[in-house]
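The values are calculated or read from the model by the stated rules, or taken from the named source; none is laboratory data. Owing to the predicted nature of the structure, the values given are computational and were not obtained by experimental measurement. All Cβ positions, glycine included, derive from the backbone under ideal geometry; neighbour counts span all protein chains shown. Note: accessible area is taken over every heavy atom of the protein model, side chains too, but ligands, DNA and RNA are not part of it. Shrake-Rupley method; radii C 1.70, N 1.55, O 1.52, S 1.80 Å.
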Amino acid sequence: MTKKLTYSILAVAVVAVVAIAAFLFTESSKSSRFIAIGTGGPTGVYFVVGNSVCRMVHKEAAEGRKTGRKHGIRCSAPSTGGSTYNIGQIAEGELDFGVAQSDWQYHAYNGSAVDKVKEFKNLRAVFSVHPEPYHIIVGANSGIESWGDLKGKRFNIGNSGSGQRGTTEVLMDGYGTKTSDFAVATELTSTEQSKALCDGKIDAYGYTVGVPNAGVSVATDGCNAKIINLTGDVEKTLVEQRPYYAFATIPKGTYKTTDSDVTTFGVMATFVTSADVAEDIVYEVTRAVFENLDDFRALHPAFANLDPKNMIRNALSAPLHPGAVKYYKEKGLM
Ligand code: GLU
C-alpha cells in the first residue's frame with residue numbers, strides 16, 4: 001500500500017516536472033526566436049537590405065523591452081549566393097526570409113523557369129525594395145561597346161544561385177549567344193568579379209544590382225571600367241513582353257566613368273518569405289521595417305526613394321504574406 005502510494009506520488013511528480021519543463025521550453029522559444037534572412041555577396045546591396053532589416057527588428061526589440069511590447073525575435077542576415085539561392089533555401093525551410101530579384105520571384109511562384117529556379121507555390125511577397133538595373137561592366141581597354149562585342153571575350157556570367165546569372169542567361173537566350181561564344185565564361189561571385197576585371201583576368205561581367213554600389217565602384221573608380229547601354233531590340237522585347245522588366249537609367253556622375261546616363265533594363269529587389277513562416281513573425285518584421293522607414297532610407301543611397309505605397313504594390317508577383325497584410329491594413333496602406 002505504502003509502496004503503491006509512493007509510486008503514485010512519484011508518477012505525479014514526474015508528470016509535473018515534465019509539464020513545467022515543456023512550459024518553460026515553449027516560453028523560452030517564444031521569448032527568443034531566431035530568423036535568418038538570405039542576402040547576396042558582402043559588397044552588394046542585398047547584404048545591406050538584410051542587415052538593415054535585422055537592425056530595425058533589433059531596434060524594435062530594444063524599444064519593446066522598455067515599453068513592455070516584446071517580440072523576442074533575433075535576426076541574422078548572412079551573405080549568400082543571391083536571389084535564386086535564397087528562394088531555394090526558403091523553400092527548404094533553411095532561411096525564413098530573403099532578398100530576390102522580381103524576375104526570379106515571378107518565375108519561382110509561377111514555375112515558369114524551372115531550369116533556373118524551382119517552382120515554389122508557398123513563396124510569399126513581403127515588400128519590394130530598390131530598383132536593380134542589369135549592368136554590363138567592361139574593362140577600360142576591352143573595346144566592348146555592345147552585347148555583340150562580348151563574342152570571343154572573357155565574360156563573367158556569375159555564380160549559380162545569383163540573380164544576375166539567371167538574367168544573363170535570359171539575355172543570352174534573347175541574343176542567341178552560347179557560352180562557347182565567349183573565350184571563357186567564368187562563374188565568379190559578385191565579390192570576386194571587380195577585382196578580376198581590374199587584374200585583367202576577365203574582360204567584362206554582368207551584374208544586376210542597386211545603384212550606387214561599392215562592388216561596382218571597385219571597377220569603375222578603381223580601374224576605369226565602363227557600364228554599357230543595353231537598348232537593342234532584344235532588351236525592348238524583354239521589357240515589352242515580361243511584366244517584371246523595365247528600362248532603367250544609371251545616372252551620369254554615379255561613378256567616375258559614367259560621364260553620361262547609361263540606359264539598360266532592370267528588375268526590382270524584393271523581400272520574400274514562405275507561407276510556412278508564422279504570421280506574427282512576418283508581422284513583426286514588416287512592422288519593424290515600416291515603422292523605421294526613415295532610418296531604412298538613410299542606410300544606403302539605393303534606398304533613398306523608398307515609398308511605402310510602391311513597396312507594397314510594385315514588382316510583387318507572389319501573394320503577400322498574411323502577416324504583412326495584417327500590418328498594411330492596420331496602417332491603412334491597403
Ligand atoms: N541581384 C543580385 C542577385 O540576385 C544581388 C545584388 C546584391 O547583392 O545587391 O544575386
It is to be established whether one or more residues within region 139-148 are open to solvent by less than 10 Å² (accessible area, probe 1.4 Å), in contact (Cβ under 8 Å) with a residue 24 or more places away in the chain and either within 13 Å of the ligand (Cβ to nearest atom) or of a type in the set (Gly, Ala, Ser) (or both).
no
Select from region 317-334 the residues that are open to solvent by 30 Å² or more (accessible area, probe 1.4 Å), under 20 Å from residue 130 (Cβ atoms), in contact with a helix residue (DSSP H, G or I) (Cβ under 7 Å, 6 or more places away or on another chain) and not hydroxyl-bearing (Ser, Thr, Tyr) and list them in ascending order.
333
Just to check your reading of the model, which residue among 108, 62 is of a type outside the set (S, T, N, Q) and closer than 21 Å to residue 131 by Cβ?
108
Residues to consider are 184, 218, 234; find the one that is under 19 Å from residue 155 (Cβ atoms), open to solvent by 20 Å² or more (accessible area, probe 1.4 Å) and free of Cβ contacts under 8 Å to residues at least 40 places away in the same chain.
184
Failed condition for residue 115, given (1) crowded, with 24+ Cβ neighbours inside 10 Å; (2) under 24 Å from residue 171 (Cβ atoms); (3) away from the ligand (no atom under 16 Å from the Cβ):
(1)
Go through region 299-310 and give me each residue that's of a type in the set (A, V, I, L, M, F, W, C) and more than 18 Å from residue 77 (Cβ to Cβ).
304
Search result, residues across region 44-80 that are within 8 Å of the ligand (Cβ to nearest atom) and touching a helix residue (DSSP H, G or I) at 6+ places or on another chain (Cβ under 9 Å):
44, 45, 46, 48, 49
Of all residues being of a type in the set (D, E, K, R) and under 17 Å from residue 128 (Cβ atoms) in region 288-316, which is most open to solvent (accessible area, probe 1.4 Å)? Just the residue, please.
313
Before we move on, is residue 273 hydroxyl-bearing (Ser, Thr, Tyr) and either over 24 Å from residue 207 (Cα atoms) or surrounded by fewer than 20 Cβ atoms within 10 Å (Cβ to Cβ) (or both)?
no
For region 196-219, which residues satisfy the criterion of being more than 16 Å from the ligand (Cβ to nearest atom) and closer than 28 Å to residue 299 by Cβ?
197, 198
Taking the options 73, 90, name whichever one is more than 12 Å from the chain's Cα centre (by Cα) and either buried (at least 24 other Cβ atoms within 10 Å of the Cβ) or at pLDDT 95 or above (or both).
73
Number of the condition not met by residue 260 [criteria: (1) farther than 19 Å from residue 133 by Cβ; (2) open to solvent by 60 Å² or more (accessible area, probe 1.4 Å); (3) polar (S, T, N, Q)]
(1)
Going through (1) of a type in the set (D, E, K, R); (2) within 15 Å of the ligand (Cβ to nearest atom); (3) open to solvent by 10 Å² or more (accessible area, probe 1.4 Å) one by one, residue 132 fails only at (3)
How many residues does region 152-176 contain that are on the phi > 0 side of the Ramachandran plot and in contact (Cβ under 8 Å) with a residue 40 or more places away in the chain?
2
Over region 193-215, the set of residues surrounded by fewer than 19 Cβ atoms within 10 Å (Cβ to Cβ) and β-branched (Val, Ile, Thr) is none
Could you list, in sequence order, all residues of region 238-250 that are in contact (Cβ under 8 Å) with a residue 12 or more places away in the chain and open to solvent by 60 Å² or more (accessible area, probe 1.4 Å)?
242, 243, 247, 249
Please verify whether residue 46 is within 30 Å of residue 216 (Cα to Cα), at pLDDT 95 or above and open to solvent by 60 Å² or more (accessible area, probe 1.4 Å), treating the condition exactly as stated.
no
